[in-house]
């Protein structure tokens, strides 16, 4: 397959891969929250506990997360698909009407999330047209009582539907 053919098929084919949906949040020094939806969240290491996510070099949100040096990965629950859309929108007040509370590291924990993972930024590395942000896990929990939100073929789904 030629490089052009691969590039043309890349998004369509990888859309067949199911991913979880996470909103990465942080607060700046003044306490102003910021956040973005990511579909590229992953566990990296058990010892030490590390997770990571990718953000485009062009992200206007990533600099605020990096400056905060701490973030919360909010794993969304199946019913939070509208929240995922809101945090993916550009130029909007993403926290308008959103219920959240600061975790011990200061990053917003979104109410109703399927799980949350508080992290310290451990590393940032440019890879292709994205940055990999590695987080050292400081605290985490899965409160229970919900199913996760997943993204498949450009649509949000619960595990059962």
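A short reminder: the numbers here are calculations on the coordinates, not readings from a lab. Note that the structure is a prediction, hence the values are computed from the model and not measured. All Cβ positions, even for glycine, are placed from backbone atoms using ideal geometry, and neighbour counts span all protein chains on display.
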**Report entry** Test: residue 119 is touching a helix residue (DSSP H, G or I) at 6+ places or on another chain (Cβ under 7 Å) and surrounded by 16 or more Cβ atoms within 10 Å (Cβ to Cβ)
**Finding:** no
Requested in this report: Could you tell me which of the residues 112, 97 is surrounded by fewer than 14 Cβ atoms within 10 Å (Cβ to Cβ) and under 25 Å from residue 157 (Cβ atoms)?
Outcome: 97
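So that you can scan it fast, the table gives a plain yes or no per residue for (1) surrounded by fewer than 13 Cβ atoms within 10 Å (Cβ to Cβ); (2) more than 15 Å from residue 122 (Cα to Cα); (3) under 8 Å from the mean Cα position of the chain (by Cα):
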| residue | (1), (2), (3) |
| --- | --- |
| 22 | no, yes, yes |
| 28 | no, yes, no |
| 39 | no, yes, yes |
| 42 | no, no, no |
| 52 | no, no, no |
| 58 | yes, yes, no |
